[in-house]
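The values are calculated or read from the model by the stated rules, or taken from the named source; none is laboratory data. Given the structure is predicted, the values throughout are model-derived calculations rather than measurements. So basically every Cβ, Gly included, is an ideal-geometry build from the backbone, and we count neighbours across all protein chains shown. When the accessible area is computed, the model is the full protein with side chains, heavy atoms only, and any ligands, DNA or RNA have been set aside. Shrake-Rupley method; radii C 1.70, N 1.55, O 1.52, S 1.80 Å.
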Amino acid sequence: MATESTTETTTETPKKRTRTKKRLLRNILIGTLVTLLVLVVAAGGVTAWTVTSSFPQTSGEIKVPGLTDTVTVSRDDAGIPTITAKNAGDLFRAQGYVHAQDRFWEMDFRRHVTSGRLSELFGESQLGTDTFIRTLGWRNVAEEEVQILDATSLAYYQSYADGVNAYLDTHSGANLSLEYVMLGLQNPDYSPEHWTPADSVAWLKAMAWDLRSNLEDEIERALLSGTFTPEQIAQIHPDYDYSKPTIVSDADPTTKTNAAPEAMPAAMHTAPGVDYAEAALRTSAALNNVPRLIGPAGSHVGSNSWVVSGQYTESGKPLLANDPHLGPVMPSVWYQVGLRCATVSPECPFDVSGYSFSGLPGVVIGHNADIAWGFTNLGPDVADLFIEKVTGDSYEYDGAAVPLDIREETIKVAGGADVPITIRSTKHGPIVSEITDDFTTITSTEAEKNGAQQAKDATEGYQLSLQWTALTPGRTPSAIFAVNAAHDWESFRAAATLFEVPSQNLLYADLEGNIGYQAPGLVPVRAQGDGTTPSPGWTSEYGWTGFIPQDQLPHVFNPSDGYIVTANNAAVAPDFPYLITKDWDYGYRAQQIEKRISDLISSDTKITAENMSDIQADTFNANAQHLTPLLISAAQSDDSSSGAARGAQLLEDWDYHDDRDSAQAAYFNIFWRNLLADAFAAKMPEATAPTGGSQWFQVMENLTPDPESAWWVDESRGIRNRDEMFVAAANEAWDEATSLMGSDPANWRWGKIHTLTIENASLGTSGIGAIEALLNRGPYELGGGSSVVDAVAWDASVGYEVNWVPSMRLVADLSDFDKSTWINLTGASGHAFSDHYVDQTPLWQNHQTRPWVFSAEAVEAAAKETLTLRP
């Protein structure tokens, strides 16, 4: 992320250098591009035409082939469209057309990622990414899912594709998007092909990958195993503290998920011990080579959602809030839209509004005329690594030689020769160790422990495969339509059963006053092991035996508490009969949300939509509340003029909120980063440096009661215990704060160093300043932080810049949907100089929201432009 230039935040750590190398298009555009771009910019008239020619027509009339009747597209003053059609085919055809108007470059880029075809756009620099995606086979699975779609869903996807293609048939190059002008300077022969249903469905694989599971935690444990004992690793990766909230409580009499199943899964234990450290480092790099289109993995990834029953609201009807936490990209990953059948009927059942993904028909999160719903990531462990015994073109399984599944593919390369690749798979999944050398050490070590005499033979004979639920064709592509058309709890739950990958926490409210929660998805049951380490693939003793039955996945309806909170915390109590994951978020956001709601209830305050938005803006830092008194106490032993003593004095009256204008928040977070670096990162492998999320909040909560723990000792610096470690980090923090913000603490503020630059997802990190200036926006000064409710998170291993954000915020008011509110991170348009490219960001920055109109009357009153699409 580009931010204010400071000594501290721009110093490249090894981890930051690795991440920089992985930036999607770094240094792939040739030097002459800059010269050509400058010449274009210098020609003022040409520049204006180039920039504006792609802006869509948003009023008047357009003839769209394939429509059977008239469709209206009403846009409000933020350019947000509501599409009204007389039949479902026309409705989705129009949505495809409108998405293409505003966001086609984004759509085109995404489909090249998901099909492993970035090299066709940007050349050989993308071969590694394409090879990885091709090996996993996202596009192949998407095409198989299209083949098994029910006829109605397939028709919707085809209508959407027809609408996109109707737009492509009349637009190209500069009048399609400014990015095509830039691409044309390097790759002049490129022309986008027509859209297909598989292009839409493949996007669901990107969603699933970015929300896949705890794979990074497994790799980190493997890295740590080369240095630390199991007990030390358990201190760094502690168990969930069940004094913090669970989504579904055993004590609640309405909960029906914890009845014992007929057949309990086999005992959980890890696979035989293996020295994973070196391979895990390379594995981490291989996995991270895949562009993350909706956000990076790690302990910061998450979301908030909660729903409050009408018994506690001012209106007497439920309120539902949601803010998914994803990586900040330009344009926002979300596209706001209303989809309305002029007359709702079984043939045209849609009257829905909310957040969609460009490239995908329907609405992902939002409400219809009867119900509202929100998503957060459940985070189950749905991806496992298996060590395979491979000989030639076969592998061993239960004592028999089984032929590998082998397929050949060809990667086309812009400006270069085609590159053939061979992909081999076992029954578990694709062999990923053949992509690079990244996996060979894991498999070699295991081979040696199983009797192999030669390292060379071991390396050749053992490979690593990946089993992941998203690589099996499923029904998720139909789920969005089913949710959009659901009208009550039972139809909503039926729709949820289709939402197989990625597994989400689904929150629900309806006009009748009901609230509910459902966890859908395919969550594997293992014969042995807990999914935290690679398992032997040559025996069925460690395989998946099935999935948690749908009717036993966590759910609750109208709980006695009168509210439900999901924030990636544990969904169930520890006695739940199936293993969902061992790597929940540690519950600090959920705890604070529950506290805010219960405080309102106990004070007899009737909750309003404004209260819900205010909770979304909560910056309380539980880690600061825990550590600040310890720091103040420790600093008493230091010289009164030291940085630690002055820092302690600054923190004396702090309310522990990470507010944008807070000097205390700035100093504490600098202290926090230094403490993590001194006490932990200095002792750990580089790739495992603490990022500062909820995992590390819990680590501190567990370790600080022991002031003599070895983690606090640094003999090279003469640091002998916790207090001395705190004082050392506090002194360093004072010096760093002075360097970053000046010598006067009155001028310090968290937002000065905690900034967000929103980068274009495809070309925004090209390394060419002229292009980045055209496409990126910021920096914006922000409050919030990691694992606080206002989850404007940062990576303590890198710096203070913002890396994760609430990608949108909504509050649905079931008493009157027209009283609902919403805000997007950027804006409706993907065109860099459109009025709606970044118009919502200042509101988002300041925790303001926009009216979310829904009724036909409100939409008509809010309309600033109306476009009529005709056959």
* Structure fact -> Within the stretch 334-355, the residues whose backbone N lies under 15 Å from a label point placed 7 Å from the Cα of residue 155 along the Cα-to-Cβ direction are 345-350
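Can you pull the percent of the stretch 49-185's accessible area that's carbon plus sulfur, 1.4 Å probe, other chains left in place?
After summing per-atom areas, the C and S share lands at 51 percent.
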* To do: State in Å² the accessible area per residue of the chain; use a 1.4 Å probe, count heavy atoms of protein chains only, and round to the nearest integer.
  => 35 Å²
* Asked: Of the accessible area of the stretch 302-441, with the probe set at 1.4 angstrom, what percent is carbon plus sulfur?
  -> 50 percent
* **Listed residue (420, 798, 524) projecting farthest to the positive dipole end of the chain, Cβ model** => 420
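At 1.4 Å probe size, with the rest of the protein present, what percent of the exposed accessible area of the stretch 782-824 is carbon and sulfur atoms?
The nonpolar share, carbon plus sulfur, comes to 43 percent.
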* **Segment residue 717-residue 868, extension gain: residue separation times 0.36 nm, minus the distance between their alpha carbons** => 47.1 nm
* Structure fact -> Toy charge model, Lys and Arg Cβ at +1, Asp and Glu Cβ at -1: the chain dipole around Cα centroid in debye, rounded to 20, equals 1520 debye
* Structure fact -> Everything considered on the Cα gyration tensor (a ≥ b ≥ c; rounded for a/c under 1.5, else prolate if a/b is larger than b/c, else oblate), the chain must be described as rounded
* Which residue, chosen from 380, 548, 109, occupies the Cα position most advanced towards the positive end of the dipole of the chain, where the dipole is computed from +1 (Lys, Arg) and -1 (Asp, Glu) charges on Cβ about the Cα centre? -> 109
* **Inter-label distance for residue 343 and residue 410, nm, one decimal - labels placed 7 Å from Cα along Cα-to-Cβ** => 5.3 nm
* List every residue whose amide H lies under 5 Å from the amide H of residue 832, counting only residues 5 or more places away in sequence or on a different chain, with H placed 1.01 Å from N in the peptide plane. => 178
* Asked: Sorted by average packing, counted as other Cβ atoms within 10 angstrom per residue and highest first, what order do 539-550, 671-682, 109-120, 414-425 take?
  -> 109-120, 671-682, 539-550, 414-425
* Length released on extending from residue 686 to residue 582, taking residue separation times 0.36 nm less the Cα-Cα span -> 35.1 nm
* Asked: Based solely on its DSSP helices, what 222 nm [θ] is calculated for the chain when runs of n ≥ 4 H residues each add -39,500 (n - 2.57) and the sum is averaged over all residues, nearest 500 deg cm²/dmol?
  -> -10500 deg cm²/dmol
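Please give the peptides 574-583, 735-744 ranked by average Cβ packing (other Cβ atoms within 10 Å per residue), highest first, as a rough proxy for protection.
574-583, 735-744
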* Structure fact -> For residue 217, the net charge from surrounding residues (Cβ-Cβ under 10 Å; K, R +1; D, E -1) works out to -3
* To do: Kindly identify the stretch 567-684 as rounded, prolate or oblate by the Cα gyration tensor criterion: order the square roots of the eigenvalues as a ≥ b ≥ c, call it rounded if a/c is under 1.5, otherwise compare a/b with b/c, prolate if a/b is larger, else oblate.
  => oblate
* Asked: Hey, how many Å between the Cα centroid of the stretch 783-843 and the Cα centroid of the stretch 322-371?
  -> 17 Å
* Structure fact -> Ordered by number, the GluC sites (Glu not before Pro) in the stretch 478-533 that occupy a DSSP loop and have at most 15 other Cβ atoms within 10 Å are 512
* Under 17 Å from a point 7 Å along the Cα-to-Cβ line of residue 69: which residues of the stretch 305-345 have their amide N that close? -> 339-345
* How far, in nm, would the chain grow between residue 704 and residue 846 when pulled straight, counting 0.36 nm per residue and subtracting the alpha carbon separation? -> 47.6 nm
* Asked: Assuming R0 = 56 Å, what is the FRET efficiency of residue 169 and residue 602, from their Cβ-Cβ distance, to the nearest 0.05?
  -> 0.40
* residue 818 paired with residue 653, simple spin-label distance in nm, labels 7 Å along Cα-to-beta-carbon -> 4.7 nm
* Asked: What residues from the stretch 71-94 fall in the zone where the backbone N is under 14 Å from a label point 7 Å along the Cα-to-C-beta line of residue 194?
  -> none
* Structure fact -> So the FRET efficiency between residue 560 and residue 52, C-beta based with R0 = 45 Å and rounded to 0.05, is 0.20
* Structure fact -> By the C-alpha gyration tensor axes a ≥ b ≥ c (rounded if a/c is under 1.5, else prolate when a/b exceeds b/c, else oblate), the shape of the stretch 711-816 is prolate
